[in-house]
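Report on one structure; see the data block that follows.
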Amino acid sequence: MDAEDKSLAEAGERRVDWALRSMPVLRAIGARFDATRPLDGLKIAACLHVTAETAVLVGALKAGGAEIALAASNPLSTQNDVAAALREYGVAVHARAGVDRDTYYRHIHQALDIGPDIVLDDGCDLVNILHTERVELLDGVTGGCEETTTGIIRLRQMAAESALRFPVVAVNDTRTKRMFDNRYGTGQSTLDGIVRATNTLLAGRTIVVAGFGFCGRGVAERAKGQGARVIVTEIDPVKALDASLQGYEVLPMAEAARTGDLFITVTGNRDVVRAEHLAEMRDGAILANAGHFDVEIDVRALEELAVTVNLGVRPHTDEYVLADGRRLLLLAEGRLVNLTAAEGHPAAVMDMSFSAQALAVAWLAEERVRLAPGVYDVPAEIDAEVARLKLAAAGIEIDALTTVQADYLRSWRLGS
Ligand code: NAD
Ligand code: SAH
């Protein structure tokens, strides 16, 4: 290794050490895995964002006895220093920040070359490739975990069409993931990415949040907390009503497009901001996506509308100049702004998501022979254990049911 690689790996190690400080639950699970070796002899191919927090997860899985190959789950999100540190640590990492689409998929193929027993995915790209282009590996794969909402939507569709060939655990659907990672993690890190990229003032601005699910709610809360006027767009009447009763203005995108200063998509859907919306936007409007891949903002429509494109007016900020002189600013090429322009969710949040992930892998290792192909919830005890350990690490105590209370909750004969 040359001096440059060595200093990159050292910087990555420092970053991972910093993350470790805020991940007490995953640290404890790693120590337990080290003692019990629940993953001995297992090969894992993982497609996750290559960040310091992922490195801590990889460390726990490795301590449990697994051999791991890692590819990035996004072409822009890799922390190159962390990738270098992980390679030093004996993990086959196939990832680099800023790769093109072909290289991104080639890296996933390279991770699969390990011949996995278990796969970890974040958005279902790796599972998709396994079922379409690497079917020869399917017989060896005995289980998987999926980290995010959109991946699970896709897996459920695969299962419904009897296309899914192995059991997959829906890590995203745990309460400790969705309530904290999607909500508080996305809420904070999305604004962090936007501010790092643009240094824009949030107070007093009109911020349009597209989608009021777990992520959208988090982004809207944090934007409101910064003093922004928040408009929500939705397609689900219940979510729209919820947003309205929480005091947000709810509008169709066609109307919101005319007044927003900053647009943030978190829907998991495509073409949420498209040509007819772009045509209405104010000069200087900022466009950011924190939902799924680069499909939520129609970047091609933006390119077609623009007469000039000034790439990199700031890091992760491209300026599109329209025929009438208006300038629209696209962040992170329309990909996840929180993992491209910032560092993704804080380690304290990923502590919960990745502890659930690590325990789900150990559960799979034990149960996979008994599970038919399909999508499985993480056992409720794992969810509760992660929350209990997190509370203990924070020194927070809670009440326990008395016997009388437990009986009361189980009874129906007594009346009130
Ligand atoms: P969710 O299902 O809870 O919420 C999505 C919301 O978007 C729903 O309320 C849905 O009705 C709404 N929606 C769908 N199409 C829409 C449209 N055209 N216009 C307006 N609203 C629309 O999902 P979630 O857990 O909030 O996740 C949202 C997306 O963010 C997913 O793609 C998920 O994978 C991703 N995600 C990103 C991060 C991150 O770090 N950036 C973290 C977690 C999840
Ligand atoms: N791969 C797809 C979907 C990603 S959804 C894409 O890039 O568009 C985002 C996921 O990233 C979330 O489920 C969240 O758990 C994960 N994430 C957020 N911050 C992270 C971090 N610091 N390290 C690793 N993963 C992170």
Query raised in the report: Does region 184-199 hold any residues that are within 16 Å of ligand 2 (Cβ to nearest atom), closer than 17 Å to GLY334 by Cα and surrounded by fewer than 21 Cβ atoms within 10 Å (Cβ to Cβ), and which are they?
Result: ASP192, ARG196
Requested in this report: State which residue pairs qualify: first residue over 25 Å from LEU241 (Cα atoms) and inside region 195-220, second residue within 16 Å of ligand 2 (Cβ to nearest atom) in any location, beta carbons under 6 Å apart, and separation of 6 or more residues or different chains.
Outcome: ARG196/ALA341; ARG196/ALA342; ALA197/HIS316; ALA197/LEU331; ALA197/ALA341
Query raised in the report: What tally of residues in region 331-368 results from selecting those that are more than 29 Å from ALA63 (Cα to Cα) and either charged (D, E, K, R) or more than 16 Å from ligand 1 (Cβ to nearest atom) (or both)?
Result: 2
Query raised in the report: Inside region 303-319, can you point out the residues that are under 12 Å from GLU333 (Cα atoms) and either within 15 Å of ligand 1 (Cβ to nearest atom) or touching a Lys or Arg at 6+ places or on another chain (Cβ under 9 Å) (or both)?
Result: PRO315, HIS316, GLU319
Query raised in the report: Can you find even one residue in region 2-19 that is assigned to a loop (DSSP other than H, G, I, E, B), farther than 27 Å from GLY151 by Cα and modelled with pLDDT under 95?
Result: yes
**Report entry** region 147-194, residues that are among the hydrophobic types (A, V, I, L, M, F, W, C) and without any contact (Cβ under 8 Å) to a residue 24 or more places away in the chain
**Finding:** ALA160
Query raised in the report: Out of (1) of a type in the set (Gly, Ala, Ser); (2) without any contact (Cβ under 8 Å) to a residue 40 or more places away in the chain; (3) under 25 Å from PRO252 (Cβ atoms), the odd one out for GLY284 is which?
Result: (2)
Query - Residue match in region 154-162 (condition: within 11 Å of ligand 1 (Cβ to nearest atom) and either buried (at least 24 other Cβ atoms within 10 Å of the Cβ) or outside any loop (DSSP other than H, G, I, E, B) (or both)) - result: yes
**Report entry** Sole residue being under 26 Å from PRO346 (Cα atoms) and buried (at least 24 other Cβ atoms within 10 Å of the Cβ), chosen from ALA92, ALA97, ALA55, ALA63
**Finding:** ALA55
Query raised in the report: Is it the case that some residue within region 242-264 is within 16 Å of ligand 2 (Cβ to nearest atom) and surrounded by 14 or more Cβ atoms within 10 Å (Cβ to Cβ)?
Result: yes
Requested in this report: Working only within region 163-183, note down all residues that are buried (at least 20 other Cβ atoms within 10 Å of the Cβ), outside any loop (DSSP other than H, G, I, E, B) and more than 10 Å from ligand 1 (Cβ to nearest atom).
Outcome: PRO167, VAL168, VAL169, ALA170, VAL171, THR176, PHE180
Requested in this report: Could you grab the pairs with beta carbons closer than 7 Å, sequence gap of 6+ or different chains, first residue in region 367-392 and farther than 12 Å from ASP173 by Cα, second one crowded, with 19+ Cβ neighbours inside 10 Å and at pLDDT below 95?
Outcome: VAL386/THR176; ALA387/THR176
Report task. Report, by residue number, each residue of region 296-349 that is without any contact (Cβ under 8 Å) to a residue 60 or more places away in the chain, surrounded by 17 or more Cβ atoms within 10 Å (Cβ to Cβ) and either within 23 Å of ASN74 (Cα to Cα) or within 29 Å of the chain's Cα centre (by Cα) (or both). Result -> ILE297, ASP298, VAL299, ALA301, LEU302, ASP318, GLU319, TYR320, LEU328, LEU330, GLY334
Requested in this report: Answer yes if at least one residue in region 264-273 is over 21 Å from ASP192 (Cβ atoms) and of a type in the set (Lys, Arg), and no otherwise.
Outcome: yes
Report task. Select from region 142-152 the residues that are part of a loop (DSSP other than H, G, I, E, B) and within 16 Å of ligand 1 (Cβ to nearest atom) and list them in ascending order. Result -> GLU147, THR148
**Report entry** Pick from region 277-292, criterion modelled with pLDDT of 95 or more and within 16 Å of ligand 2 (Cβ to nearest atom), ranking: surrounded by the most Cβ atoms within 10 Å (Cβ to Cβ)
**Finding:** ALA288
Report task. Kindly indicate the residue of region 21-50 that is of a type in the set (Gly, Ala, Ser) and over 21 Å from GLU146 (Cα atoms) and also surrounded by the most Cβ atoms within 10 Å (Cβ to Cβ) among those meeting that condition. Result -> SER22
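The values are calculated or read from the model by the stated rules, or taken from the named source; none is laboratory data. Values in this document were obtained by computation on a predicted structure and should not be read as measured data. Backbone-built Cβ (ideal geometry, glycine too); neighbour counts: all protein chains shown.
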